[in-house]
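I have placed the structure first, in the form of structure tokens, so that the comments after it can refer back to it.
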Amino acid sequence: MEAGDTSSQSPRERILKTASELFYAGGVRAVGVDTVIAHAGVAKASFYKYFPSKNDLIVAFLKRRDAVLRQWLEQTVERLSPDPAGRPLAVFDALAQRFSSKDFRGCAFINCMVELADRGHPARTAADEHKRLTTTYIFGLLKQAGVPDPEDLAQEFMILMDGAIVTAVREGSPRAAHSAKRIAAMLLQQVSVGS
């Protein structure tokens, strides 16, 4: 999701951009600080000036990715469905587009949670915050679409989204997003019939 020339960027920005690319491609545990420093072309002292520990860098990576990904999702959903009523299901169309990307390697937040088993790890907290904010976004879409009492349905959509992400990684295909969309449509229909 990030690309471009880093030569005109500040050392902090180069470190963060480089770490973002390396962490997403190889995982937060597999990529060491020395690798990030070498690829970013910065001195070790510069690295530690901006990021006192690798954990600080991982948290910064996740917060940055959260902002970029949620902005992308919101813009893509609005583009795919100008009508608010269609936006809850357009989320899955947006996921299908992302799953079709050649650089798709799953969800950085799920990947991080899997790699860092300690629930108290600061990166786990940052990853969980992303999922909470995304659930809040889905809740808002459902509410704008006129869905009554959307709290539980927002959680169910997140389960479908996370399941589709993992399945797309396993299969190497966007089909899981289409399947999740069909299930989400059935859930929406059940809520409509029940109200």
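Quick rundown of the values:
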quantity	calculated
Flag if ALA96 is touching a helix residue (DSSP H, G or I) at 6+ places or on another chain (Cβ under 6 Å), farther than 25 Å from LEU22 by Cβ and of a type in the set (Gly, Ala, Ser)	yes
Only listed residue being under 18 Å from LEU188 (Cα atoms), in contact with a helix residue (DSSP H, G or I) (Cβ under 9 Å, 6 or more places away or on another chain), modelled with pLDDT of 95 or more and surrounded by fewer than 19 Cβ atoms within 10 Å (Cβ to Cβ), chosen from GLY106, GLY86	GLY86
Residue match in the stretch 140-161 (condition: polar (S, T, N, Q), within 27 Å of PHE104 (Cα to Cα), within 17 Å of the chain's Cα centre (by Cα) and open to solvent by 60 Å² or more (accessible area, probe 1.4 Å))	yes
Test: residue in the stretch 127-147 that is under 21 Å from THR18 (Cβ atoms) and either among the aromatic types (Phe, Trp, Tyr) or touching a Cys at 6+ places or on another chain (Cβ under 8 Å) (or both)	yes
So SER100, is it open to solvent by 30 Å² or more (accessible area, probe 1.4 Å), over 13 Å from the mean Cα position of the chain (by Cα), farther than 30 Å from GLU171 by Cβ and of a type in the set (Ser, Thr, Tyr)	no
PHE51 touching a Leu at 6+ places or on another chain (Cβ under 8 Å), among the hydrophobic types (A, V, I, L, M, F, W, C) and within 26 Å of ARG119 (Cβ to Cβ)	yes
Residue match in the stretch 163-185 (condition: open to solvent by less than 50 Å² (accessible area, probe 1.4 Å) and of a type in the set (D, E, K, R))	no
Candidate set: the stretch 113-137, residues that are over 11 Å from the mean Cα position of the chain (by Cα) and among the hydrophobic types (A, V, I, L, M, F, W, C); chosen: the one surrounded by the most Cβ atoms within 10 Å (Cβ to Cβ)	ALA123
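The values are calculated or read from the model by the stated rules, or taken from the named source; none is laboratory data. The structure displayed is predicted, hence computed values, not measured ones. We place every Cβ from the backbone using ideal geometry, glycine too, and count neighbours over all the protein chains shown. Protein only, heavy atoms only, side chains kept; ligands, DNA and RNA dropped before computing areas. Shrake-Rupley method; radii C 1.70, N 1.55, O 1.52, S 1.80 Å.
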